[in-house]
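Participant: Handing you a structure now.
The values are calculated or read from the model by the stated rules, or taken from the named source; none is laboratory data. The structure displayed is predicted, hence computed values, not measured ones. A quick note on method: Cβ atoms are made from the backbone with ideal geometry, for glycine too, and the neighbour counts reach across all protein chains shown. Note: accessible area is taken over every heavy atom of the protein model, side chains too, but ligands, DNA and RNA are not part of it. Shrake-Rupley method; radii C 1.70, N 1.55, O 1.52, S 1.80 Å.
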Amino acid sequence: MAVFRSGLLVLTTPLATLAPRLPPILTSAARLVNHTLYVHLQPGMDLGGPAQPQASPVQATFEVLDFITHLYSGADLLRHLDVRILLTNIQTKSTFLPVLPSVQNLAHPPEVVLTDFQTLDGSQYNPVKQQLERYATSCYSCCSQLSSVLLYPDYGTGELPVESLNAPLPSSTIRPASPVARSPKQPVRGYRRGAVGGTFDRLHNAHKVLLSVACVLAQERLVVGVADKDLLKSKLLPELLQPYAERVDHLSEFLVDVKPSLTFDIVPLLDPYGPAGSDPTLEFLVVSEETYRGGMAVNRFRLENGKEELALYQIQLLKDQSHSENEEDKVSSSSFRQRILGNLLRAPNRPEIPSGLYVLGLTGISGAGKSSVAQRLKNLGAYIIDSDHLGHRAYAPGGPAYQPVVEAFGTDILHKDGTINRKVLGSRVFGNKKQMKILTDIVWPVIAKLAREEMDLAVAKGKTVCVIDAAMLLEAGWQNMVHEVWTIVIPETEAVRRIVERDGLSEAAAQSRLQSQMSGQQLVEQSHVVLSTLWDPRVTQQQVEKAWTLLQKRLLKTHQTKN
């Protein structure tokens, strides 16, 4: 069966009829499309008649919004597929703007058009497929060699069991602010201008529900606040957040695809209120269950500053049916970032080191848990090079760094027995960039040389994977002698707690130590694999085993390619 990069699925069945069989339809579509699946809602369309079918407006009701949620919820089981429900023909009861021009350009022109239309004979009826192709090309910009596929050609008359027809949709997508229940057939009001906000990291299906409802409600302009800077500090694994510009690019592409008639103002969200609190032209705000209180706070802020309240629309969260025990039970970016842990984020380096040896550089801020992860890697078969131990060898009397350090800093840094008092030496260089550079210019090249000697020893012992455990790996420039940099991240508050508990320092001293190092964010920007010891040891072990397994697969693939 052919696989297409992107496709357009035209849903012609009445929504209430289609809802019970959405997962099978999406699964069938996923077998044909491996990139983006655009979904065009056109209930009641007949592709079997002689006349060319035309796109027609679909009344926006709460049933339509529920259906959109139901579809994105089902699509979450097929995460490799980027599903986008096109809202061009979904109109509210107060539509201010005319319908779009007939042909809409999409970010990924469809290479195949699919439909749930059922032919009477249950076959891939050619005239119907031709009608389908003509209809798709009259509405959207498609590839010149457009293929068409009829899904479910074996339904016979197409009748579904009565229980399927009566199966209820999930509870309303939008929860009313008042206790008055909303009928599924009740039309949705439209507004000229509104707002929605979020982090929008790794745009997922829960984001798409939030954004789609906002796009249905807005008729002229939608302001989208994207959290940045201070608002990101409390996020789980903030080091793995996509950069602001990247999040905006993905967001913009999606929004323009689903409703190009709108003007989108995508702005950085730097405080809890954002444009929703200050823009007097806005009429509504879409929030999630989690951020509803924030929406209420925005309205209080507006009232205090002489502005009218916004109509609040609260969207229910999507449940994540495949979350692990240490992840949230909702579809969330936090869980997606957790799943990245252990994965290869960028192509490995190609350092000049002994052949047959693959070298990992293990780093992280103080307190991150490097030693425990190094021990886990050792248990899996890696050869560990501890840079701290190499440093002790370098500083020892007769060691390669001993005499140069004494000459640079004087004999008053020595103990009575002639060994270097590292605490005294540390007090000399700490906070003094010039003195620190003098020290590191002496010591770092020495440790690097000792590490290379250890690599030769690892090869002699028959080891294939070597790990350099080094807090200052990147500062020292040692990434040039490793294939991959593996970084362990934890929140700074947790690092401070661990340093205080482990080393008996004050919180201020612990924070000062962290400030003298590269931040977790800076480390991750140069890393190939990221791990975290934030959770219990069992979770850390799972991460390390995952990373190790993926590494072994890379090594096997490299070996097979060479041979």
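Participant: Taking a cut-off of 33 Å, what percent of all Cα-Cα pairs in the chain are separated by more than that?
Facilitator: Counting every Cα pair in the chain, those more than 33 Å apart make up 55 percent.
Participant: A follow-up question, please. Sort the following peptides by mean Cβ neighbour count (other Cβ atoms within 10 Å, averaged over residues), highest first: 402-411, 252-261.
Facilitator: Taking the mean over residues of other Cβ atoms within 10 Å, the ranking is 252-261, 402-411.
Participant: Work from the charge dipole of the chain (Cβ charges, +1 for Lys and Arg, -1 for Asp and Glu, about the Cα centre) and give the residue of GLN145, VAL216, LEU556 farthest towards its positive end.
Facilitator: Of the listed residues, the answer is LEU556.
Participant: For region 1-43 and region 208-232, what is the centre-to-centre distance using only Cα atoms, to the nearest Å?
Facilitator: That distance is 25 Å.
Participant: Please compute the per residue accessible area over region 486-532 with all protein chains in place, 1.4 Å probe, rounded to a whole number of Å².
Facilitator: 48
Participant: Next question. Dividing the alpha-carbon radius of gyration of region 252-344 by 2.2 N^0.38 Å (N being the number of residues), what value is obtained?
Facilitator: This ratio for region 252-344 stands at 1.36.
Participant: Right, another one. Could you tell me which chymotrypsin sites (Phe, Trp or Tyr not before Pro) in region 420-526 are loop residues by DSSP with no more than 16 other beta carbons within 10 angstrom of their beta carbon?
Facilitator: Listed in order of number, the matching sites are PHE430.
Participant: Plugging the Kirkwood radius over Cα pairs into Stokes-Einstein for region 333-443, at a temperature of 10 °C and a viscosity of 1.306 mPa s, what D comes out in µm²/s?
Facilitator: In µm²/s, the coefficient is 91.
Participant: Using helices alone, what [θ] at 222 nm do you get for the chain, with -39,500 (n - 2.57) per DSSP H run of 4 or more residues, divided over all residues and rounded to the nearest 500?
Facilitator: -12000 deg cm²/dmol
Participant: Related question: Please determine, in degrees from 0 to 90 and to the nearest 10, the orientation of helix 205-217 with respect to the longest principal axis defined by the Cα atoms of the chain, where the helix direction is its Cα long axis.
Facilitator: Here the helix axis deviates by roughly 40 degrees.
Participant: State, as an integer percentage, the relative contact order of the chain based on alpha-carbon contacts under 8 Å between residues 6 or more apart.
Facilitator: 13
Participant: Work out the length of the dipole vector of the chain about its Cα centre, built from +1 on the beta-carbon of each Lys and Arg and -1 on the beta-carbon of each Asp and Glu, and round it to the nearest 20 debye.
Facilitator: 840
Participant: Just list whichever of LYS449/LYS546; LYS235/LYS307; LYS185/LYS259 have alpha carbons separated by over 24 Å in the model shown.
Facilitator: LYS449/LYS546; LYS235/LYS307
Participant: Ignoring everything but the protein chains, give the 1.4 Å probe accessible area of ASP46 in square angstrom, nearest 10.
Facilitator: Accessible area of ASP46: about 90 Å².
Participant: Got a number for carbon plus sulfur as a percent of the chain's accessible area, 1.4 Å probe?
Facilitator: Percent of accessible area from carbon and sulfur atoms in the chain: 53.
Participant: Can you give the translational diffusion coefficient of region 388-535 in µm²/s, computed by Stokes-Einstein from the Kirkwood radius over Cα pairs at 4 °C and 1.567 mPa s?
Facilitator: It comes out at roughly 75 µm²/s.
Participant: Related question: Accessible area per residue of region 374-434 at 1.4 Å probe, in Å²?
Facilitator: 60
Participant: With every protein chain kept in place and ligands, DNA and RNA left out, what is the accessible area per residue of region 1-125? Probe 1.4 Å, answer in Å².
Facilitator: 39
Participant: Round to the nearest 10 and report in Å² the accessible area of LYS461, as given by a 1.4 Å probe over the protein chains' heavy atoms.
Facilitator: 130
Participant: Under the rule of at least 5 residues apart or a separate chain, name every residue whose amide H is placed under 5 Å from the amide H of TYR383.
Facilitator: For TYR383, whose amide H was placed from the backbone, the distant partners under 5 Å are VAL465, CYS466, VAL467.
Participant: To continue, here is another question. Of LYS423/LYS461; LYS378/LYS557; LYS229/LYS437, which pairs sit farther than 27 Å apart, going by alpha carbon to alpha carbon?
Facilitator: Table pairs above 27 Å Cα-Cα are LYS423/LYS461; LYS229/LYS437.
Participant: So which trypsin sites (Lys or Arg not before Pro) in region 224-267 end up in coil per DSSP with only 13 or fewer other C-beta atoms within 10 Å?
Facilitator: Sites meeting the loop and neighbour criteria: LYS233.
Participant: Under 5 Å between amide hydrogens, which residues at least 5 positions from ALA471 or on another chain qualify, with H placed 1.01 Å from N in the peptide plane?
Facilitator: none
Participant: While we're looking at this one, here's another question. For region 44-140, which chymotrypsin sites (Phe, Trp or Tyr not before Pro) are both in a DSSP coil and crowded by at most 16 other Cβ atoms within 10 Å?
Facilitator: Passing sites in region 44-140 are PHE96.
Participant: So who's got an amide H within less than 5 Å of the one on ALA55, skipping anything under 5 residues away but keeping other chains? H placed 1.01 Å off N, in plane.
Facilitator: Long-range HN contacts for ALA55: none found.
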